[in-house]
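Bear in mind that the values in this text are calculations on the coordinates, not laboratory data. Worth saying up front: this structure is predicted, and the values here are computed from it rather than measured. We place every Cβ from the backbone using ideal geometry, glycine too, and count neighbours over all the protein chains shown.
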């Protein structure tokens, strides 16, 4: 796995984190060792699509079908922040 994020990168959740719905918060969260990251709906949608098979470009295109305004740069920036925190890993073909 590399850390450089490109439109052809295939992001996946790192093995030590998981996406879960927190009923008490009524929101999705990203659970890591000794950490909880509360997600907004677009963030949860992005991470739900991070399966290691879809590219960043595929994820952005999928989100454009769900939300009015989706900028590729915002999707890339969100994922890049999570890559730097080691919540997300990226692979390239």
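Between residue 62 and residue 21, what is the label-to-label distance in nm when each label sits 7 Å out along the Cα-to-Cβ direction? With each label point 7 Å from Cα toward Cβ, the separation is 1.7 nm. For segment 10-85, what does the alpha-carbon gyration tensor say about shape, rounded, prolate or oblate, given a ≥ b ≥ c as the root eigenvalues, a/c under 1.5 as rounded, and a/b over b/c as prolate? Oblate is the answer for segment 10-85, as a/c is 1.5 or above yet b/c matches or exceeds a/b. Dividing the helix sum by the residues of the chain, where each DSSP H run of 4 or more adds -39500 (n - 2.57), gives a mean residue ellipticity at 222 nm of -9500 deg cm²/dmol. Result for the chain in a Gaussian network model with C-alpha springs under 10 Å: among 15, 44, 60, the largest mean-square fluctuation is at 15. Along the Cα-to-Cβ line of residue 81, 7 Å from the Cα, sits a label point; which residues in segment 4-39 have backbone N less than 13 Å from it? Zone members listed by number: 37-39.
With neighbours defined as other Cβ atoms within 10 Å of a residue's Cβ, the residues 59, 46 order from fewest to most as 46, 59. Applying 1/(1 + (r/R0)^6) with R0 = 35 Å to the Cβ-Cβ distance of residue 8 and residue 35 gives a FRET efficiency near 0.75.
Summary value for the chain: 44 percent relative contact order, contacts being C-alpha pairs under 8 angstrom separated by 6+ residues.
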